[in-house]
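Since the structure comes first, as structure tokens, the remarks are kept for the end.
Since every read-out is calculated from the coordinates, none of them should be taken as a lab result. All values reported here derive from a predicted model rather than from experimental measurement. Neighbour counts are summed over all protein chains in view; Cβ atoms, including those assigned to glycine, are modelled from backbone coordinates with ideal geometry.
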Protein chains: 2
Amino acid sequence: MVQSELVDLEKKLRDAQLRPTKQRLALAQLLFSDGNRHITAERLHSDAMEANVAISLATIYNNLHQFTAAGLLREVVVDSSSSYFDTNIAPRHLFFHEQSGTLKDIAKDDLKVDNIPPLPEGTEISSVDVIVRVSSTRR
Amino acid sequence: MVQSELVDLEKKLRDAQLRPTKQRLALAQLLFSDGNRHITAERLHSDAMEANVAISLATIYNNLHQFTAAGLLREVVVDSSSSYFDTNIAPRHLFFHEQSGTLKDIAKDDLKVDNIPPLPEGTEISSVDVIVRVSSTRR
DNA sequence: CAATAAATTAGAATTCTTCTAAACAAGAAA
DNA sequence: TTTCTTGTTTAGAAGAATTCTAATTTATTG
């Protein structure tokens with residue numbers, strides 16, 4: 001692990017008004033050091049165990065929510081059985097592979113949504129989420 | 001309740017290879033007699049209680065899944081806290097009101113999705129779901 | 001009317017997530 | 001540094017939604 005990386009992560013946390021504790025830094029590292037990730041709490045917990053980071057599941061949940069509130073993560077609802085968190089916070093859409101439960105980002109500009117009808121009275125758009133559900137071609 | 005309605009519902013169930021039991025007919029009535037519905041298991045259960053239909057929650061879940069497997073309902077994933085079932089099985093998109101948890105269909109032709117990028121290798125589209133999340137305008 | 005296959009049920013069990021209250025660690029101030 | 005305050009972590013309990021189990025009841029078929 002590179003020293004400057006840790007410094008960057010610490011700044012990222014501080015900017016979000018989150019104290020860079022040992023656990024928080026470790027999670028930030030697991031989440032943000034390696035390209036885009038789409039991860040569940042359970043998965044992140046086992047990643048942490050594998051990396052020999054002692055951290056409880058409660059802390060994982062706490063931090064996933066704090067990161068989300070701070071705009072460092074985005075929660076994704078694609079599957080009723082558990083919540084996913086996406087490290088890509090830019091507007092984007094998603095492929096969801098139904099068999100594997102895998103997510104893949106679609107850049108916003110790679111997909112167009114047009115002609116949204118009038119919104120229900122007294123509401124404004126908070127987001128437009130497109131999920132392209134795919135499944136393995138049986139052959 | 002109209003007699004012919006019951007006959008229709010019974011046929012609908014038989015066509016789906018589901019025996020028209022007392023509970024199943026009652027649920028079908030609650031679900032399909034009154035325009036489009038977007039409903040959770042808990043909500044359907046309390047509707048049934050109000051209508052004086054004795055039915056257990058396990059049976060509600062069993063039937064929601066059987067109806068879904070038979071193509072009479074469609075499961076909608078919009079909210080991580082509980083599953084919704086939609087009586088509109090035609091292709092459509094959805095408004096989701098974040099404060100109230102209310103869903104509203106958007107006819108397929110009222111919204112256009114274009115330029116879906118190449119699918120992941122070895123997959124085919126199973127559905128394209130657009131959820132327009134709206135929230136009350138604060139004013 | 002059996003016989004059999006399907007459906008229903010109460011309650012237990014599971015899974016994911018949140019809560020609680022105590023111990024601990026970080027940053028600020030003296 | 002030491003002290004104080006406040007934020008963080010934690011184990012384990014609690015909660016909520018859903019599924020399972022195994023026994024009973026109901027629908028259909030012969």
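So, in the range A:83-107, of the ones that are within 16 Å of DNA strand D (Cβ to nearest atom) and part of a loop (DSSP other than H, G, I, E, B), which residue ends up farthest from residue B:118 (Cα to Cα)?
Here the residue is A:83.
With a cut-off of at least 3 residues that are surrounded by fewer than 17 Cβ atoms within 10 Å (Cβ to Cβ) and away from DNA strand D (no atom under 13 Å from the Cβ), name the helices (runs of 4 or more DSSP H) lying wholly within the range B:1-82. First the steps, then the outcome.
On the way: elements: B:3-15, B:22-32, B:41-50, B:57-69.
In the range B:1-82, B:3-15 are the helices (runs of 4 or more DSSP H) which contain 3 or more residues that are surrounded by fewer than 17 Cβ atoms within 10 Å (Cβ to Cβ) and away from DNA strand D (no atom under 13 Å from the Cβ).
Given the condition more than 30 Å from residue A:125 (Cα to Cα) and touching a strand residue (DSSP E or B) at 6+ places or on another chain (Cβ under 7 Å), answer yes or no: does some residue in the range B:99-108 qualify?
No: the range B:99-108 contains no residue that is more than 30 Å from residue A:125 (Cα to Cα) and touching a strand residue (DSSP E or B) at 6+ places or on another chain (Cβ under 7 Å).
Hey, can you tell me all the residues within the range B:100-139 that are aliphatic (A, V, I, L, M) and either at the interface with chain A (Cβ under 7 Å from one of its Cβ atoms) or in contact (Cβ under 8 Å) with a residue 60 or more places away in the chain (or both)?
Result: B:103, B:106, B:111, B:113, B:116, B:119, B:125, B:128, B:130, B:131, B:132, B:134.
One line per residue, one yes/no per condition, for (1) within 11 Å of DNA strand C (Cβ to nearest atom); (2) under 30 Å from residue B:127 (Cα atoms); (3) β-branched (Val, Ile, Thr):
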position: A:6; (1), (2), (3): no, no, no
position: A:14; (1), (2), (3): yes, no, no
position: A:28; (1), (2), (3): no, no, no
position: A:35; (1), (2), (3): no, yes, no
position: A:38; (1), (2), (3): no, yes, no
position: A:58; (1), (2), (3): yes, no, no
position: A:72; (1), (2), (3): no, yes, no
position: A:78; (1), (2), (3): no, yes, yes
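Using the structure shown, decide if residue A:90 is surrounded by 14 or more Cβ atoms within 10 Å (Cβ to Cβ) and over 10 Å from the mean Cα position of the chain (by Cα). Break it down into steps so the answer makes sense when it comes.
Values: surrounded by 14 or more Cβ atoms within 10 Å (Cβ to Cβ): no; over 10 Å from the mean Cα position of the chain (by Cα): yes.
Taking the combined requirement at face value, the residue does not satisfy it.
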